[in-house]
């Protein structure tokens with residue numbers, strides 16, 4: 001008998017049994033074909049890009065085919081349905097209703113069966129003899145498999161929604177700001193027809209610098225603070241919540257609300273040629289930050305978007321100087337040409353990108369939360385070897 005998991009569906013109390021994997025599936029074998037196909041067919045894949053593709057020569061047609069890849073990524077699991085071609089560096093498991101087996105093997109971690117260096121292997125013969133814990137009743141297996149299939153569906157859904165929102169934002173940034181010296185963008189809100197103006201950034205804001213602070217000054221609690229590195233690792237074009245803190249020092253610079261900040265230092269020009277708008281007052285602004293306080297006819301969030309994309313971003317990146325560390329000064333930003341419409345149109349443009357960022361953040365958070373749920377449930381819905 002095997003141990004029982006910590007979490008079970010209601011009504012199941014019997015101990016699990018240990019059985020050889022080959023006893024629970026139709027076959028465990030190695031593929032025959034010698035090719036790699038990158039264009040995928042009509043079957044589901046859970047994992048990274050596979051070496052599986054359509055071919056009429058070798059049809060493995062079951063409810064599911066699980067592949068435990070050998071080579072550099074030995075032990076990765078994929079799930080397929082329909083007719084597929086299995087390459088000769090892939091072990092495949094075939095059978096009916098293999099959902100439970102698929103998640104058992106995810107929890108088991110096939111990688112520990114791999115051996116060799118450089119191109120480690122997982123052999124079909126090793127998998128056949130591997131013992132796994134199984135519920136006595138088939139209905140419990142089905143419920144576990146269905147539960148994890150549902151989790152994977154939700155994870156994939158939020159990943160897809162995240163990718164779609166990112167692509168839509170990229171597309172709209174290209175279409176809602178003028179390109180190639182044109183006076184107007186390709187896409188505009190109804191009712192706006194006036195040409196966009198062009199001015200040097202010097203004419204759009206007042207300029208200053210942050211002061212003091214480094215990573216070593218950060219504390220668990222204190223006053224919210226923004227350090228320059230977080231602009232290209234954490235924040236989008238708008239910052240409404242700050243999750244790093246410090247104890248205020250003499251000479252500190254605080255946000256008044258609606259500043260635009262541009263990092264003054266970074267590892268490469270593309271990283272620091274970007275801007276974010278700080279919406280809240282009372283946030284400490286670190287020393288390697290250029291600070292812009294836009295005039296009333298410029299929406300701060302619009303200015304952050306404009307600096308971070310298209311022609312202004314390219315222009316600013318060219319001004320970044322340095323080798324191992326590059327720098328941008330206020331004087332560099334002031335020389336960048338910014339195109340902008342009337343304030344009312346700026347506000348609507350900002351609203352659409354705030355909404356897109358909300359969707360991106362929402363789906364990323366849901367995706368990450370569900371992956372954590374899956375990790376926890378894999379650890380608790382299968383017996384763990386002590």
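The values are calculated or read from the model by the stated rules, or taken from the named source; none is laboratory data. All values reported here derive from a predicted model rather than from experimental measurement. With ideal geometry, Cβ positions are generated from the backbone for all residues, glycine too; neighbour counts draw on all protein chains shown.
Summary table below
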quantity: Top-ranked residue in segment 179-226 [being surrounded by 15 or more Cβ atoms within 10 Å (Cβ to Cβ) and on the phi > 0 side of the Ramachandran plot; ranked as modelled with the lowest pLDDT]; calculated: 212
quantity: Positions within segment 122-138 being over 15 Å from residue 28 (Cα atoms) and touching a residue at least 12 places away in the same chain (Cβ under 8 Å), in sequence order; calculated: 133, 134, 135, 136, 137
quantity: Residue within segment 303-315 that is surrounded by fewer than 19 Cβ atoms within 10 Å (Cβ to Cβ) and more than 27 Å from the chain's Cα centre (by Cα) present; calculated: yes
quantity: Residue 88 vs. criteria over 30 Å from residue 349 (Cα atoms) and not assigned by TED's automatic domain parsing to the domain that holds residue 65; calculated: no
quantity: Condition met for residue 99 (within 16 Å of residue 30 (Cβ to Cβ) and modelled with pLDDT of 80 or more); calculated: no
quantity: Single residue of segment 316-329 satisfying the filter (loosely packed, with under 14 Cβ neighbours inside 10 Å and either within 17 Å of residue 261 (Cβ to Cβ) or touching a helix residue (DSSP H, G or I) at 6+ places or on another chain (Cβ under 9 Å) (or both)) that is modelled with the lowest pLDDT; calculated: 321
quantity: Among (1) part of a strand (DSSP E or B); (2) crowded, with 17+ Cβ neighbours inside 10 Å - the single one residue 274 does not satisfy; calculated: (1)
quantity: Residue check for residue 176: surrounded by 19 or more Cβ atoms within 10 Å (Cβ to Cβ), within 33 Å of the chain's Cα centre (by Cα) and in contact (Cβ under 8 Å) with a residue 24 or more places away in the chain; calculated: yes
quantity: Residue match in segment 54-66 (condition: at pLDDT 80 or above and under 27 Å from residue 159 (Cα atoms)); calculated: no
